[in-house]
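The values are calculated or read from the model by the stated rules, or taken from the named source; none is laboratory data. For clarity, every value in this text was computed on a predicted model and none was experimentally measured. Heads up: the accessible areas ignore ligands, DNA and RNA and are worked out on the full protein's heavy atoms, side chains in. Shrake-Rupley method; radii C 1.70, N 1.55, O 1.52, S 1.80 Å.
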Amino acid sequence: GGGSGSGGGDGGNRWGSASDRVAETNRRLLEQQNDSSINTLADQLGRLKELSIDINEEVADQNRMLDGMGNQMNSASGLLNETLGKLGTMLKSGGSKHMVYLIGFVVFSFIMIYWIMTHKSQAV
């Protein structure tokens with residue numbers, strides 16, 4: 001009889017108690033869930049990294065575009081200041097005759113622009 005009890009004990013040690021088997025099963029399930037969560041987080045982190053790189057490239061492109069626009073505005077501002085300076089010099093030296101021509105040209109230009117804009121909107 002003693003040998004049989006000892007054999008049953010060996011079988012119990014080999015398979016463990018029911019609570020040990022449950023604990024091992026729970027541990028494996030938790031490891032699988034952790035591995036799945038880690039893989040999900042790794043995928044999300046990869047997508048976030050790609051998105052961050054895309055945003056960085058877009059910001060760099062926008063900054064280059066803004067720099068170009070700033071340079072164009074500075075160029076246009078310089079040209080306008082130069083033109084106004086020359087116009088001021090011309091008005092000082094030319095007298096009232098040039099002023100009448102200038103006013104006539106400005107009025108004519110506004111009338112032409114108005115006429116073009118009204119006929120353009122009617123054509124559409």
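If we keep just the residues of segment 64-74 that are open to solvent by 80 Å² or more (accessible area, probe 1.4 Å) and of a type outside the set (A, V, I, L, M), which is nearest to residue 99 (Cα to Cα)?
Selected residue: 74.
Please indicate, with yes or no, whether at least one residue in segment 85-97 is modelled with pLDDT of 80 or more, open to solvent by 80 Å² or more (accessible area, probe 1.4 Å) and under 45 Å from the mean Cα position of the chain (by Cα).
yes
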